[in-house]
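Chemist: Quick one: the structure is below, and I'll ask about it shortly.
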Amino acid sequence: MHDGFLTYANSRYLKLAAAVCLTSIVAYILYEPVDEHNGGTVLGYILGTVGALLIFWLTWLGIRKRKYGGHFRLTGWVSAHVYLGLSLIVVATLHTGFQFDWNLHTLAYALMIIVIVSGIFGIYAYARYPKLVSANRRGASLDDLLTQIGDIDRESRQLAVGLPDEVSSLILKSCEETAIGGSIFRILSGKAVNCPSDNAFAKLRGLVSSVDQEHVLNTRKLLVLTGKKCGLLGTVRRDIQLKALMDIWLRVHVPVTVALLIALTAHIISVFYYW
Amino acid sequence: MSEEFEIAIVGSGPSGLSAAARAAQKEISHILLETTDHASDTIYKFQKRKFVMATPDVMPLRSDTSFAAGTREEILEKWDEEIEHQKVNISYNSEVTGISGEKGNFTLEVKGGRTIKANHVVLSIGMQGNLRKLDVDGDDWEYVQYQLDDPEEYEDETIIVVGAGDAAIENAIALAAQNRVALVNRKGEFARIKAGNLTLVTEAIDSGLIECYYNATTSRISPGEIVLKTPDGETTVPCDRIIARLGAMAPRRFVESCGIKFTSDEPSALPELSERYESSVPGLYVVGALAGYPLIKLAMNQGYEVVETISGNEISPADEPLLEEKFAALHGRGVNEVLKEIQENVPLLSHMSALQFREFMIDSAVHLAKPGDVIFKRNEYTNSVFSVVDGRVNVQINAEDDNELVELKNGSFFGEMGLIAGRRRTATVVAKTECFLVETPRRAMLKLISSVPGAKKVLDTAAIYRQIQTHLTPNIEKELLKEIVDTATIESVSAGEKLISEGDESDHMFIIRAGSMTVSKVIGGRSVILSYIPSGNYVGEMALLNNEPRSASVTATVASEVIKIDAVAFRELLGRENELKQVIEEKFQDRIVENLETEDRPEAGDIIDFLVGQGVGEASDVLLIDESLCVRCDNCEKACAETHGGISRLNREAGPTFENLHVPTSCRHCEHPHCMSDCPADAIHRAQDGEVFIDDKCIGCGNCVNNCPYGVIQLAYPPAKKPGLWSWLLFGSGPGPGQDKTNTTKVEGARSVAAKCDMCKDIEGGASCVSACPTGAAIRVNPEEFLSITNLAKSS
C-alpha cells in the first residue's frame, strides 16, 4: 500500500523503460542500414520520433503537476518520468548512430544529456537527502528551531546587560549579525564563515575565567546559551543546505529543458528543411 | 365557607400565569394560587439581571401574557404589570397542600385552613421546589450549594460549578466576573443547552475565563476540595465553594397524593398526560416543567391551550404547522394520528412525553420507503438513527453474502452502531416492504439519550445484543445468546485507563464498542505495545480460552466504551457451539502470530504508541508522511489550497515526527469529532465516506477551532481571485498555481469562516494532498491499517 516513486506500482515504469531500451538495442543490432547507423535511416527516424515524443511528454510533467485534483497519482507520473527519462540515454544515443559533431544536432543531444544528468542527481538527492533532513532535525520543525534561537537571543541580551563590554559586545554581535543562509555557495556549503555566534562562543570560553568574580555566573550562562545556539544554527544551516541540495538540480534541469526544447525544435525543422 | 371557581391554577410560573391570563381574558372565574409573595418564583430566583432567552426560536408564542428575550427584571416587571392590567385573580402566600375530588368538584386545601372548590384544576407547580442533589461522600460540606441568587455576593473565590445545563452555565459565567470558576461537565459536549448559552460558555472556556472538566463526574468532596473522575483519571481540585446545578425532579409525592399517575418508577419520570395535558385524574391538568417541558415559551403556550381545552375549544398546539409540513408526505394524515402511531409502534421513542416527542419529531425526518429501497449502505459514515414505524426492513449482515439477512419488524430501530462507535455502518439496510421510517440526526439522538433514561435503556439493551452478534458471534441464533446478553454490561473506560492488567485473573472478556485500545506486555522490564485494536473488536478472550491469567495488558487510547461479557456464560456458549469456538480459536492464533511478529520488532510498538499519542486512536482517516521519501516540496499543501479555494487546510511541516513517520497538522476525521461537539450553527457534518466537513452555514464563531485538540481548523477570509494558468504564465496576472492566495486583509463585506480538511470529498480522485505527492511520501490510513504502517519502521 505504500510505494515510493522508484518502486511505484511494482516498478511498472522501470520495466517499461527497460523494455524500450532493450527493444531499441536489439533493433539497432539487427537493423542493417544501407550506409551507416545515423539519424537518417528508417530506424534512426523511428528512434528519433520516439525520443522526441518522450521529451515532449516528459516536459509535460511541469504542467501536469500543477493541475491539482482528479484521478491521477503524481507519484506514478514521477516514476514514469524518471525511468522513461533515463531510457532516453539509450534511445537518443542509438538515434545519433554515434555520429557527433560541432553542430545543432549534437547541441540538442548535449542539452538532453545535461538535463538527464541533472535528473540523475535529482534521483540521488530525492533518495538520499529526505532521511538526512529528518535525522538532522530530530523531530523539530524549522520554525521550532528558529523560535528556539530567537528565545536564546532574547535571554542572552537580558543576561548581557551589566556585564563587561567585552562580553556584552560579543553577545550583541552574535544576536544582531548572525546570518543564516546567504549566497547559494554559502547555503550549499552548510557552514558559515566567521559566524559571530561561533566567535562569541570561542571567545566566551576564555572570558569566563578572566571576568570579575561577580560576572562569572552570568558569563558562564551565556557560554552555555551561545553553545546551544551554535548547535541549533548548525542544524538550521544543515537543514537549508539539504533542502537546497534537493532543489538546486531543478535550477539546471528546468532551464536546460527549455533550451533543449528550442534546440530540439530547431533540430527537427532543420532535418526536414535540408532533407 | 369555601370559595368556588371554574378553574383553579396552582403555581404562577410562566404556564400558570399564561393560563390565568387566558382565563381572565375569557372572563372565566379563576384563581391563581402562588406559595410565595411574588409571581413566578422560579424566574424570580434566577440570578439577578440574568438574560432570559426565548427558545425554541422556531416556535411561535401563543399567550395573552407577553414574553420576549430579556433580563429577569424586565420580564418580571412586565408580568406584574399584566397581572394587574388583565385582572388576573392571583392569590399570594397560598401554598396548596392537597388536591382531592373529581372533575366538576375539586377541593384544594390551602395552608392556613383555606379551602377552594373548583371544577377544573391546572397544576403548574414546576420542579424547582425539588432540586437534585450531588449525592457523593462529603456533600454535606457547608459550602456545597444548589442555588445561586446573586453572583456578586462572592468575590475572589475558587468556585466549582457542577452541571452542564443552562442554570450551571449561567451561574458559572456570572461568577467568573470576580471569581476563579471551573465547570464540571459529565459529557464531552454541551448537548442540552440553549444556543446563546453555548456561545457564551464556549467563549468563556476558550478565553480561559472558565476552566471546564469534560467527561468528568464528582467522585467525592472533602472540605476545601472536590475529587473528579475524568477521562485522564482522578484529579483533585481545591475550591472554596461548590455550586451544583443538576436540575430538579418532579415533586412526586405531592403530585401522586393528588391521584396523578407517573409514566414509570424512574426518578426522572414525568406524570402521565394526555395530549391536552390532562392527567390520569380527569379535570386535573398538568402544564409547564412538571409536564416535561421546562422552556418558558412552550410552558406559556401550554397555559393558553389548557384553558382553551377546559372551555371546550379544540385548538391545535402551536408547533402544529411545523409538523404538518413534515408529515405532508404521509397522504394528509393528521399530526396527532401520526405522532401516536410512531410512539405506539416504536418502544425506543415511547418514553418521551408528548411534548418532548413533538420537539424530537421537529428535528427528525420521516421517510416512506418502497420495497428494495436502500436505506443506508455498509461502510457509509452517516450517523443518524432510523426507527421503523411500519413495515419491515432487511439488514444485510454479511459483507460477502447479500442474501444473509436479518429482518427488522415495525417497532425496531437501526443505525445506532454508527452513532455509538462513530464509525462506518456495519451493514446495509434495505426496505423489505413499504416502510414508514423516522430518521433522527445525531444531535437529536444524543439529546434523547441524555435526557430520557428509558430510551437510553432500550437503546443500550438492543445495542449490546447487536454488538455481540455483529462482532463476536455472527452466526448464532438469538436465543442462544440470551445468557451472554443478560449478563453483559456496558462500561466506560477513560483514556489511559487499563481495562485488563497483565497477570490478573480473568473472568470477563470485552467487546470495544467505542474508542480503541492498545495491547501491551512487559518484555525485559519495559512495557512494549504489541497491537492496536479499534472498536468493533473483542479483547480478553485469550485468557478465557485457556483459563489462565491475563497474558497482556489492554489500555484505552481514548475515552472508550466496552461491553463486558461474563466468562462463565461465554465458556458455556463455547462449549455448546463448536463452530464459534473454532472461529475464536482461529482469531486467537492470528493474534499470537501477530504479537510474536511485533515482539520481534519492538520499534513497531513504539510507532503505535507514538501514533496513539497523536490522536490516531480516535481517527477514522489520517494523513501521514513518510519522511524518508518526503522531499519537502510542499506540493501537498499547494494541492490542498488549489482544490479548496486557495486556503490550505494542511500544514506539512508542523506536527511531530517519530523516526521517519511524520504526522502533519491535518484533520484526523475523529470517530467522535471534537469540532462537532458545540457548533451552534450545526454546520459540521460527517459525509457518507466519513469526511468530517463544514458546510456554508458556518457563522465563523470559532468554537470548532478551539475544540479541536489537534489544531487543524482555521478561520480564514475568502482568498484572492485565481487567474487561469495561461494568463498567469504569459501575463503574470494574480497569484499562480501553488502560490499563496491568502487574503491578509479583511475583504469588504466578507467574514471569516472555519476551514478544515474535507478529504476532498467533492473532488474526483480522492485526497489531492496524496495524489499530488511526487514521491509517494503522503499516505492516508484508517485504523485498520495502522499495523501495516509500522512496517515503515522496518523498512527504514
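Table: residues versus (1) within 13 Å of B:V753 (Cβ to Cβ); (2) among the charged types (D, E, K, R); (3) touching a residue at least 40 places away in the same chain (Cβ under 8 Å).
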| position | (1), (2), (3) |
| --- | --- |
| B:I647 | yes, no, yes |
| B:V663 | no, no, yes |
| B:S666 | no, no, yes |
| B:H672 | no, no, yes |
| B:C679 | yes, no, no |
| B:D682 | no, yes, yes |
| B:A687 | no, no, yes |
| B:C698 | yes, no, yes |
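Chemist: Against the condition at pLDDT 85 or above, assigned to a helix (DSSP H, G or I), outside the structural domain of B:Y293 (by TED's automatic domain parsing) and open to solvent by 20 Å² or more (accessible area, probe 1.4 Å), how does B:L446 come out, does it pass?
Modeler: yes
Chemist: Given the conditions (1) outside the structural domain of B:K409 (by TED's automatic domain parsing); (2) of a type outside the set (F, W, Y); (3) not in a helix (DSSP H, G or I), and given that B:A329 satisfies all but one, which numbered condition is not satisfied?
Modeler: The number of the failed condition is (1).
Chemist: For residues in segment B:653-689 being more than 29 Å from the chain's Cα centre (by Cα) and open to solvent by less than 10 Å² (accessible area, probe 1.4 Å), which is farthest from A:G69 (Cα to Cα)?
Modeler: Going through the qualifying residues, I end up with B:L661.
Chemist: Restricting attention to segment A:17-32, report how many residues are in contact with a helix residue (DSSP H, G or I) (Cβ under 7 Å, 6 or more places away or on another chain) and either closer than 30 Å to B:A772 by Cβ or open to solvent by 20 Å² or more (accessible area, probe 1.4 Å) (or both).
Modeler: 7
Chemist: Six or more apart or on different chains, Cβ under 6 Å: which pairs go from a residue in segment A:166-193 that's within 21 Å of A:R238 (Cβ to Cβ) to one that's of a type in the set (K, R) and open to solvent by 60 Å² or more (accessible area, probe 1.4 Å)? Could you list them?
Modeler: Listed by first residue and then by second, the contacts come to A:G190/A:R238.
Chemist: On the basis of being in a helix (DSSP H, G or I), more than 20 Å from B:K326 (Cα to Cα) and open to solvent by less than 10 Å² (accessible area, probe 1.4 Å), does B:L348 make the cut?
Modeler: It is true that B:L348 is in a helix (DSSP H, G or I), more than 20 Å from B:K326 (Cα to Cα) and open to solvent by less than 10 Å² (accessible area, probe 1.4 Å).
Chemist: When the residues of segment B:772-796 are filtered to those that are modelled with pLDDT of 70 or more and touching a His at 6+ places or on another chain (Cβ under 8 Å), which remaining residue is farthest from the other protein chains (Cβ to nearest Cβ)?
Modeler: B:I779
Chemist: Sticking with this one: Only one of (1) open to solvent by 20 Å² or more (accessible area, probe 1.4 Å); (2) at the interface with chain B (Cβ under 9 Å from one of its Cβ atoms); (3) free of Cβ contacts under 8 Å to residues at least 12 places away in the same chain is not met by A:Y126, so which one is it?
Modeler: Tallying (1) open to solvent by 20 Å² or more (accessible area, probe 1.4 Å); (2) at the interface with chain B (Cβ under 9 Å from one of its Cβ atoms); (3) free of Cβ contacts under 8 Å to residues at least 12 places away in the same chain, A:Y126 fails exactly one: (3).
Chemist: If I filter segment A:47-71 down to residues being surrounded by 18 or more Cβ atoms within 10 Å (Cβ to Cβ) and of a type in the set (G, A, S), which single residue comes out as farthest from the other protein chains (Cβ to nearest Cβ)?
Modeler: Filtering first and then ranking leaves A:G48.
Chemist: Looking at (1) of a type in the set (S, T, N, Q); (2) part of a loop (DSSP other than H, G, I, E, B); (3) crowded, with 17+ Cβ neighbours inside 10 Å, can you tell me which one A:N194 breaks?
Modeler: Single failed check for A:N194: (3).
Chemist: One residue is enough: does segment B:288-306 have a residue meeting the conditions basic (K, R) and outside any helix (DSSP H, G or I)?
Modeler: No, segment B:288-306 contains no residue that is basic (K, R) and outside any helix (DSSP H, G or I).
Chemist: Another question, then. Return yes or no: is B:V583 open to solvent by 20 Å² or more (accessible area, probe 1.4 Å), part of a helix (DSSP H, G or I) and touching a helix residue (DSSP H, G or I) at 6+ places or on another chain (Cβ under 9 Å)?
Modeler: Considered against the rule, which asks whether it is open to solvent by 20 Å² or more (accessible area, probe 1.4 Å), part of a helix (DSSP H, G or I) and touching a helix residue (DSSP H, G or I) at 6+ places or on another chain (Cβ under 9 Å), B:V583 comes out as no.
Chemist: Further, regarding this structure: Testing B:I242 on (1) at pLDDT 85 or above; (2) in a helix (DSSP H, G or I); (3) of a type in the set (V, I, T), one condition comes back false. Which one is that?
Modeler: B:I242 satisfies every listed condition except (2).
Chemist: Tell me which of these B:T487 doesn't satisfy, since it passes every other one: (1) under 27 Å from the mean Cα position of the chain (by Cα); (2) crowded, with 20+ Cβ neighbours inside 10 Å.
Modeler: Just one mismatch for B:T487, condition (2).
Chemist: Do you know which residues across segment B:639-652 are more than 7 Å from chain A (Cβ to nearest Cβ), more than 20 Å from A:L132 (Cβ to Cβ) and not β-branched (V, I, T)?
Modeler: Of everything in segment B:639-652, those that are more than 7 Å from chain A (Cβ to nearest Cβ), more than 20 Å from A:L132 (Cβ to Cβ) and not β-branched (V, I, T) turn out to be B:C640, B:A641, B:H644, B:G645, B:G646, B:S648, B:R649, B:L650, B:N651.
Chemist: A further question on this structure: Can you tell me which residues in segment A:197-220 are open to solvent by less than 80 Å² (accessible area, probe 1.4 Å), in contact (Cβ under 8 Å) with a residue 24 or more places away in the chain and either under 26 Å from A:A244 (Cβ atoms) or part of a helix (DSSP H, G or I) (or both)?
Modeler: Answer for segment A:197-220, where residues must be open to solvent by less than 80 Å² (accessible area, probe 1.4 Å), in contact (Cβ under 8 Å) with a residue 24 or more places away in the chain and either under 26 Å from A:A244 (Cβ atoms) or part of a helix (DSSP H, G or I) (or both): A:S197, A:D198, A:N199, A:A200, A:F201, A:L204, A:L207, A:H215, A:N218, A:T219.
Chemist: Any residue at all in segment A:129-137 that is more than 14 Å from every other protein chain (Cβ to nearest Cβ) and either outside any helix (DSSP H, G or I) or modelled with pLDDT of 85 or more (or both)?
Modeler: Looking for residues that are more than 14 Å from every other protein chain (Cβ to nearest Cβ) and either outside any helix (DSSP H, G or I) or modelled with pLDDT of 85 or more (or both), one finds none in segment A:129-137, hence no.
Chemist: Filter segment B:396-409 for residues that are in contact with a helix residue (DSSP H, G or I) (Cβ under 9 Å, 6 or more places away or on another chain) and under 30 Å from B:F693 (Cβ atoms) and give the result.
Modeler: Result: B:I397, single match.
Chemist: I'm told B:E380 meets every condition in (1) closer than 28 Å to B:E477 by Cα; (2) surrounded by fewer than 16 Cβ atoms within 10 Å (Cβ to Cβ); (3) of a type in the set (D, E) except one. Can you identify the failing condition by its number?
Modeler: (2)
Chemist: Only residues that are open to solvent by less than 20 Å² (accessible area, probe 1.4 Å) and within 8 Å of another protein chain (Cβ to nearest Cβ): list them for segment A:138-160, please.
Modeler: The answer is A:S141, and nothing else.
Chemist: Pairs please, first residue from segment B:479-508 and touching a residue at least 24 places away in the same chain (Cβ under 8 Å), second anywhere and basic (K, R) and assigned to a loop (DSSP other than H, G, I, E, B), Cβ atoms under 7 Å, 6+ apart in sequence or on different chains.
Modeler: B:I500/B:R550; B:S501/B:R550; B:E502/B:R550; B:G503/B:R550; B:D504/B:R550; B:S506/B:R550
Chemist: With the requirement that a residue be closer than 9 Å to B:C769 by Cβ and within 8 Å of another protein chain (Cβ to nearest Cβ), what does segment B:628-638 give you?
Modeler: Passing the criteria: only B:N635.
Chemist: Would you check if B:A164 is assigned to a loop (DSSP other than H, G, I, E, B) and surrounded by fewer than 16 Cβ atoms within 10 Å (Cβ to Cβ)?
Modeler: Here the answer is no, as B:A164 does not meet what is asked.
Chemist: Condition first: out of contact with any Phe, Trp or Tyr (no Cβ under 8 Å at 6 or more places or on another chain) and either within 10 Å of A:A17 (Cα to Cα) or within 12 Å of another protein chain (Cβ to nearest Cβ) (or both). Now tell me which residues in segment A:74-89 satisfy that.
Modeler: A:L74, A:W77, A:H81, A:G85, A:L86, A:S87, A:L88
Chemist: Those residues that are outside any loop (DSSP other than H, G, I, E, B) and either under 19 Å from B:G247 (Cβ atoms) or more than 22 Å from the chain's Cα centre (by Cα) (or both), I need them from segment B:201-227; list them, please.
Modeler: Result: B:V201, B:C212, B:Y213, B:T217, B:T218, B:S219, B:R220, B:I221, B:S222, B:E225, B:I226, B:V227.
Chemist: Continuing with the same structure: For segment B:97-119, enumerate the residues that are more than 17 Å from B:V281 (Cα to Cα) and among the aliphatic types (A, V, I, L, M).
Modeler: Matches in segment B:97-119: B:V110, B:I116.
The values are calculated or read from the model by the stated rules, or taken from the named source; none is laboratory data. The structure presented is a predicted model; accordingly, all values stated were derived computationally and were not measured. Positions of Cβ are backbone-derived with ideal geometry, glycine not excepted, and every protein chain shown enters the neighbour counts. Accessible surface is based on the protein model in full, side chains and every heavy atom, while ligands, DNA and RNA are left aside. Shrake-Rupley method; radii C 1.70, N 1.55, O 1.52, S 1.80 Å.
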